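Chemist: Have a look at this one before I ask anything.
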Ligand SMILES: [Ca+2]
């Protein structure tokens, strides 16, 4: 008979320093870990240095196979050495609640990878973890339910919708490097406004061009063999034609988008934390009124119709990207301004499918339209809810749809 054993043996691996580390990159060293006696908590310590003394965002990945892959969907981390704003120094501490993530397990093959990132620019780190996806208010369409738990690995997301300036900076390169997109492929109201008139196909090709321009590995290919980079035409790239773990840019999956929009909060209607209502000081949307008052109880705009500050100069009434306060992850315009293309095929009953709860789910394997999220300048408050789902044909380029990118 097998005796009761310690449920886990926590061992250690050293710091993960990415290939091509630059002199100014943060350095993690002296990683140690041990299970706290009598508990299901694991203490992880490390030293952090940075040539320019920058604070870093620190994340943890867990391997259960001696570091071959970091396969455990763990997200229950805390401590003064975890998360954003970690200052360089010795003996930074992370506490892993392994009982929450991996209860009852025993292994001598556990390894931890500590990553410190000093990125403070145009992308925000969305930490790994599970979240409740869907309509917790039971007020949206039936396809926003059931609410289900999804684990999403850590990723970076553009803080802003892709602006005309950003589009052009990549599109100039793309046009001379084999892509059939260019600076004239899309429309915009001004250089600091989001692009629109962008199809799903164009957005995906632009992601690849942005990757190649920066020397990153593209994510999208024209077959499962992943030998030919997707650069031209309208190709319905399949889930298994995507190099999901490449370091290049791609569209967010629907699950990534909703986790990011919620900003680390749960059970909130919108991306902000203080209230479950929306008004024009928070987002660029259309306040739909009926009988002299807003139609939706959670819409508290004092004026009906389009956003009064941006209802000028002909449609679309977009606003400059980042015109409103960011959410808890530092992301702007996750409600309103332009709808944002996501990766996934649309399927109305998807949330009842077992695949919807798979870690890092890429969504259905087939369909005829692709997901849109977040509402837009012409959309009602209803569509700005973080749980709302919409879709359009991938070859459509409406005047209220744009996108933003994510990457590993
Ligand atoms: Ca938006």
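The values are calculated or read from the model by the stated rules, or taken from the named source; none is laboratory data. Bear in mind that the values here come from a model prediction, so they are computed numbers and not experimental data. FYI the Cβ positions are ideal-geometry reconstructions off the backbone, even for glycines, and counts take in every protein chain you see.
Chemist: Filtering segment 354-373 down to residues that are in a loop (DSSP other than H, G, I, E, B) and under 17 Å from residue 387 (Cβ atoms), which residue is farthest from the ligand (Cβ to nearest atom)? Step through it out loud before you land on a result.
Modeler: Kept after step one, since they are in a loop (DSSP other than H, G, I, E, B), are these residues of segment 354-373: 358-369.
Then keep just the ones that are under 17 Å from residue 387 (Cβ atoms); that gives 361, 363.
Details: 361: 22, 363: 19 Å.
Residue satisfying both the conditions and the ranking: 361.
Residue-wise test of (1) surrounded by fewer than 20 Cβ atoms within 10 Å (Cβ to Cβ); (2) in contact with a strand residue (DSSP E or B) (Cβ under 6 Å, 6 or more places away or on another chain); (3) not assigned by TED's automatic domain parsing to the domain that holds residue 330.
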| position | (1), (2), (3) |
| --- | --- |
| 93 | yes, yes, yes |
| 99 | yes, no, yes |
| 104 | yes, no, yes |
| 108 | yes, no, yes |
| 111 | no, yes, yes |
| 125 | no, yes, no |
| 128 | no, no, no |
| 135 | no, no, no |
| 139 | yes, no, no |
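Chemist: Now for a different question. Could you tell me whether residue 314 is more than 11 Å from the ligand (Cβ to nearest atom), surrounded by fewer than 22 Cβ atoms within 10 Å (Cβ to Cβ), at pLDDT below 95 and within 17 Å of residue 126 (Cβ to Cβ)?
Modeler: Numbers: more than 11 Å from the ligand (Cβ to nearest atom): yes; surrounded by fewer than 22 Cβ atoms within 10 Å (Cβ to Cβ): yes; at pLDDT below 95: yes; within 17 Å of residue 126 (Cβ to Cβ): no.
No.
Chemist: In this structure, is residue 348 part of a loop (DSSP other than H, G, I, E, B), modelled with pLDDT under 95, more than 13 Å from the ligand (Cβ to nearest atom) and closer than 26 Å to residue 144 by Cα? Break it down stepwise before answering.
Modeler: On the way: part of a loop (DSSP other than H, G, I, E, B): yes; modelled with pLDDT under 95: yes; more than 13 Å from the ligand (Cβ to nearest atom): yes; closer than 26 Å to residue 144 by Cα: yes.
The answer is yes for residue 348.
Chemist: Output the number of residues of segment 141-177 satisfying the condition of being more than 28 Å from residue 97 (Cα to Cα) and either over 16 Å from the mean Cα position of the chain (by Cα) or not assigned by TED's automatic domain parsing to the domain that holds residue 209 (or both).
Modeler: Residues of segment 141-177 that are more than 28 Å from residue 97 (Cα to Cα), as a first pass: 141-145, 158-177.
The next check asks that each one be either over 16 Å from the mean Cα position of the chain (by Cα) or not assigned by TED's automatic domain parsing to the domain that holds residue 209 (or both); those that pass are 141-145, 163-177.
Qualifying residue count, segment 141-177: 20.
Chemist: Report the residue count in segment 210-263 for those that are within 17 Å of residue 151 (Cβ to Cβ), in a loop (DSSP other than H, G, I, E, B) and modelled with pLDDT of 95 or more.
Modeler: Number satisfying all stated conditions: 3.
Chemist: Conditions first: (1) surrounded by 20 or more Cβ atoms within 10 Å (Cβ to Cβ); (2) within 14 Å of the ligand (Cβ to nearest atom); (3) within 19 Å of the chain's Cα centre (by Cα). Residue 322 passes all but one, so which condition is the exception?
Modeler: For residue 322, the failing item is (1).
Chemist: Assess whether residue 387 counts as being away from the ligand (no atom under 12 Å from the Cβ), outside any loop (DSSP other than H, G, I, E, B), touching a helix residue (DSSP H, G or I) at 6+ places or on another chain (Cβ under 7 Å) and modelled with pLDDT of 95 or more.
Modeler: Working: away from the ligand (no atom under 12 Å from the Cβ): yes; outside any loop (DSSP other than H, G, I, E, B): no; touching a helix residue (DSSP H, G or I) at 6+ places or on another chain (Cβ under 7 Å): yes; modelled with pLDDT of 95 or more: yes.
No: the conditions fail for residue 387.
Chemist: Now for a different question. Would you kindly identify the strands (runs of 3 or more DSSP E) lying entirely within segment 88-166 that contain at least 1 residues that are closer than 26 Å to residue 27 by Cβ and touching a residue at least 12 places away in the same chain (Cβ under 8 Å)? Even if it seems obvious, please write down each step before you answer.
Modeler: Working: elements: 89-97, 111-117, 123-126, 129-133, 148-152, 155-158.
In segment 88-166, 89-97, 111-117, 123-126, 129-133, 155-158 are the strands (runs of 3 or more DSSP E) which contain 1 or more residues that are closer than 26 Å to residue 27 by Cβ and touching a residue at least 12 places away in the same chain (Cβ under 8 Å).
Chemist: Moving on to the next point. Which residue pairs have Cβ atoms closer than 6 Å, lie 6 or more positions apart in sequence or on different chains, and pair a first residue in segment 310-339 that is on the phi > 0 side of the Ramachandran plot with a second residue that is assigned to a loop (DSSP other than H, G, I, E, B) and away from the ligand (no atom under 11 Å from the Cβ)?
Modeler: 330/159
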